[in-house]
Amino acid sequence: MINFAAMKRNTPIYIIEESRLRRNLQLIADVARRADVEIILAFKAFALWKTFPIFREYVNSTTASSLSEARLAFEEFGSRAHTYSPAYTDDEFDEILRCSSHLTFNSLSQYERFHERVGDDVSIGLRVNPRYSEVGTALYNPCAPGTRFGVTADKLPEQLPSDIEGFHCHCHCESGADVLERTLVHIEEKFARWFPQLKWLNLGGGHLMTRKDYDVDHLIDILKGLHDRYPWLKIILEPGSAFAWQTGPLVSHVVDVVEDGGIRTAILDVSFTCHMPDCLEMPYFPDVRHAEHVSQEALHSSLFASPLIYRLGGNSCLSGDFMGYWQFDHELQVGEEVIFEDMIHYTTVKTNMFNGISHPAIGMLHTDGSLEILREFTYDDYRSRMD
């Protein structure tokens, strides 16, 4: 167990643990090799470019969803991006092309508007929608009724335009191999008749292959079977969370403890809405080191009985900037650490500076035990966003 207190920081910090990151990267690279597929990093979940030299030891490409992400791929990762956006704009399109090796259109109307501007050095794809997804949270379900993502089979011509070389299909969110297996049934049923006209099939993200209970061997068997059925298709996966899953915590500190109506709230020097937005959006309860989450069912019988149960509150003016209840093994004191586990993916890419709250630093704990501060944030960062 890493002793963060020994690092003598009294300000919040995200810490990426290099050993854990490399463990994930090694697994992902092994899956790509054994299944003969390309697995690329999705910036929407992780885009800390100072770590890219490590990533380049294991993967060759990335996926982008905007001009900024495409530039990050080209200028910092060192390779052109696989780019998809729900809608491209005239003023950004040519620059996106410069930074992209693959470009996927979300609709046939976007294709018609822009495809003639695409050169021979960029492979064109079309996002398709199989109308099937097992993602339970509507906010994250790309195939929910009325979705704005992708073209359904009934809208495709029997003969695709000659410059469309691939299909992109994203249906997952932190899903297992069994979900991919069931999803492929729907994808093939609806779209396989067009596969002979294609060169590649991008199965999107959400393949959480680095999760402890993920059946990696089953994933490889599924992908090998897909190759056997369509040997001419290059298969691409673009997970985001899988790369940074369980690679480090957010270390915060107690700044006050308040009580109202028998509810004790430990106010922290971080914010859920600013620094852990998925906790409120999803919502989900993060793991807290040395604490046990107390369910709603157990809460009423134990809330008033135990002085060790706390609601964790953020340091912003949003009334709902708090999460659940946790039972600690001691009474919390001002100044002590509260460590949120697994806080690297979908955090730094989604943080904001609401209220001007001090933003956590970002650090990397190297395999030799040294802590490198990758970035610290100051008043100038806040001020520059407000001008």
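What does the accessible area per residue of the stretch 1-129 come to in Å², with a 1.4 Å probe and no ligands, DNA or RNA counted?
Normalised by residue count, the accessible surface of the stretch 1-129 is 44 Å².
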Prolate/oblate/rounded label for the stretch 121-240 (Cα gyration tensor, a/c 1.5):
oblate
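Subtract the Cα-Cα distance of H290 and Y379 from 0.36 nm times their separation in residues, and report this length gain in nm to one decimal. Don't jump to the answer; show the numbers that get you there.
Working: separation 89, 0.36 × 89 = 32.04 nm, distance 3.28 nm.
Roughly 28.8 nm would be gained on extension.
Students sometimes get this wrong: rank V334, V128 by accessible area, probe 1.4 Å, all chains present, largest first. Walk me through the numbers on the way to the answer.
Details: V334 100, V128 5 Å².
Putting V334, V128 in descending order of accessible area: V334, V128.
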What's the angle, to the nearest 10 degrees (0 to 90), between helix 18-35's Cα axis and the longest principal axis of the chain?
20
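If packing is taken as the average count of other Cβ atoms within 10 Å, what order do 286-292, 323-329 fall into, highest mean first?
Details: 286-292: 16.3, 323-329: 18.1.
Descending packing order for the listed peptides: 323-329, 286-292.
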Taking 198-208, 107-117, 357-367, 376-386 and ranking on average Cβ neighbours within 10 Å, highest first, one gets 198-208, 357-367, 107-117, 376-386
May I ask you to rank K350, K212, K234, K155 by accessible area, largest first, using a 1.4 Å probe over the protein chains only?
K212, K155, K234, K350
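At a 1.4 Å probe radius, carbon and sulfur cover how many percent of the accessible area of the chain?
The C+S portion of the solvent-accessible surface of the chain is 49 percent.
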How tilted is helix 177-191 with respect to the longest principal axis of the chain? Cα atoms for both, answer in degrees (0 to 90, nearest 10).
30
Rounded, prolate or oblate: which one fits the stretch 41-189, using the alpha carbon gyration tensor with axes a ≥ b ≥ c (rounded when a/c is under 1.5, else prolate when a/b beats b/c, else oblate)?
oblate
For the stretch 207-215, 3J(HN,Hα) per residue [Karplus equation, 6.51 cos²θ - 1.76 cosθ + 1.60, θ = phi - 60°, Hz, x = Gly/Pro]:
8, 8, 6, 8, 5, 4, 9, 6, 8
Rank by packing, highest mean first: peptides 79-86, 315-322, with packing defined as the count of other Cβ atoms within 10 Å averaged across residues.
79-86, 315-322
Kirkwood-Stokes translational diffusion coefficient of the stretch 151-304, alpha-carbon pairs, 4 °C, 1.567 mPa s, µm²/s
66
Grab the eigenvalues of the alpha-carbon gyration tensor for the stretch 264-303, scale each by 5, take roots, and send me the semi-axes largest first in whole angstrom.
21, 13, 10
Can you give the % of DSSP beta bridges in the stretch 260-387 that are antiparallel, to the nearest 5?
80
From the square roots a ≥ b ≥ c of the eigenvalues of the alpha-carbon gyration tensor of the stretch 242-350, which class results: rounded (a/c under 1.5), prolate (a/b over b/c), or oblate?
prolate
Rounded to the nearest 10, the angle in degrees between the Cα long axis of helix 216-229 and the longest principal axis of the Cα atoms of the chain comes to 10
Set of lysines near K50 by C-alpha distance (under 20 Å), chain-local residues within fewer than 8 positions excluded
K350
Quick one: ranking E95, E181 by accessible area, 1.4 Å probe, largest first, what do you get?
E181, E95
Beta bridge orientation in the chain: antiparallel %, DSSP, nearest 5:
40
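The values are calculated or read from the model by the stated rules, or taken from the named source; none is laboratory data. Quantities reported herein were computed from a predicted structural model and do not represent experimental measurements. All Cβ positions, even for glycine, are placed from backbone atoms using ideal geometry, and neighbour counts span all protein chains on display. To get the accessible areas, we keep the full protein, side chains included, count just its heavy atoms, and leave off ligands, DNA and RNA. Shrake-Rupley method; radii C 1.70, N 1.55, O 1.52, S 1.80 Å.
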